[in-house]
1. Among the listed residues GLU57, GLU90, which satisfies the condition of being out of contact with any Lys or Arg (no Cβ under 6 Å at 6 or more places or on another chain) and in contact (Cβ under 8 Å) with a residue 24 or more places away in the chain?
2. Filter region 83-120 down to the residues that are within 22 Å of LEU45 (Cα to Cα) and among the small types (Gly, Ala, Ser), then identify the one that is surrounded by the most Cβ atoms within 10 Å (Cβ to Cβ).
3. Enumerate the helices (runs of 4 or more DSSP H) found wholly within region 35-144, keeping only those where 2 or more residues are closer than 30 Å to LYS206 by Cα and of a type outside the set (Lys, Arg).
4. Here is a check on your reading of the model: is ILE174 buried (at least 19 other Cβ atoms within 10 Å of the Cβ) and touching an Asp or Glu at 6+ places or on another chain (Cβ under 7 Å)?
5. For the condition under 12 Å from PRO103 (Cβ atoms), without any contact (Cβ under 8 Å) to a residue 12 or more places away in the chain and either more than 14 Å from the chain's Cα centre (by Cα) or outside any helix (DSSP H, G or I) (or both), what is the one hit in GLU161, GLU156?
6. Only one of LYS139, LYS127 is in contact (Cβ under 8 Å) with a residue 40 or more places away in the chain, basic (Lys, Arg) and surrounded by fewer than 22 Cβ atoms within 10 Å (Cβ to Cβ); which?
7. Looking only at region 1-45, count how many residues are in contact with a Pro (Cβ under 6 Å, 6 or more places away or on another chain) and at pLDDT 50 or above.
Amino acid sequence: MLRNILILILSITCHVVVFGQNEVPLEANEICPILVGEKIPEGALKNIDNKEVSILELTKKKPTVIIFYRGGWCPYCNKQLGGINAIENEIDSLGFQVLAISPDDSLHLNKTMNKKELKYTLLSNSKMQYAQKMGIAFKVDKKTIKKYKIFGIDLEKASGESHFQLPAPAVFVIDKKGTIQFSYINPNYKIRLEPEILLAVLKSMK
């Protein structure tokens, strides 16, 4: 069944699986994400008002679609966020809520929220500690950082931090107990889970 599928487009080798205590990989294809059937860890994130919130408290309310995206500066992420926004009413009618998490600080979350007119919740993981716990964080190499700056992308400014880390784009569907029922993680940031497939997954869980 779809809920039992963990989709990894590239072959990923897990080196260490202790939440938050492994060395952050140097490449996206070296990440070691937590798996379907496991429970997500607790984590403190910030909302658009820069107030700290508990991820487990938020997800106790109803089954949740958690989306990790790279930031409001990423065109592939913005397309994904827009696609989710277009089906948000259907997601809600199926009994799920959407939480989208990125390294962007609260100021940049607000810019993305207003620009895309998003109806769901955006959360800041500016220090990247939660993406590390989820096993999807990686370090951006110096060559890529330099290339980003040429195109006006400043990772330090977006997050307010100097760790130069990003999450591999990921979608997790969890129940109210925090157990992962479905996940899609792709180290290739250009390929995202299509909204229609996500809806099919959610419908299969009803």
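1. None of the others qualify; the one that does is GLU90.
2. SER102
3. 55-59, 75-86, 88-93, 129-133
4. No.
5. GLU156
6. Only one candidate passes the filter, namely LYS139.
7. Summing the residues that are in contact with a Pro (Cβ under 6 Å, 6 or more places away or on another chain) and at pLDDT 50 or above in region 1-45 gives 3.
The values are calculated or read from the model by the stated rules, or taken from the named source; none is laboratory data. Just so you know, these numbers come straight off a predicted model, no measurement behind them. Ideal geometry is used to build each Cβ from the backbone, glycine not excepted, and the neighbour counts take in all protein chains shown.
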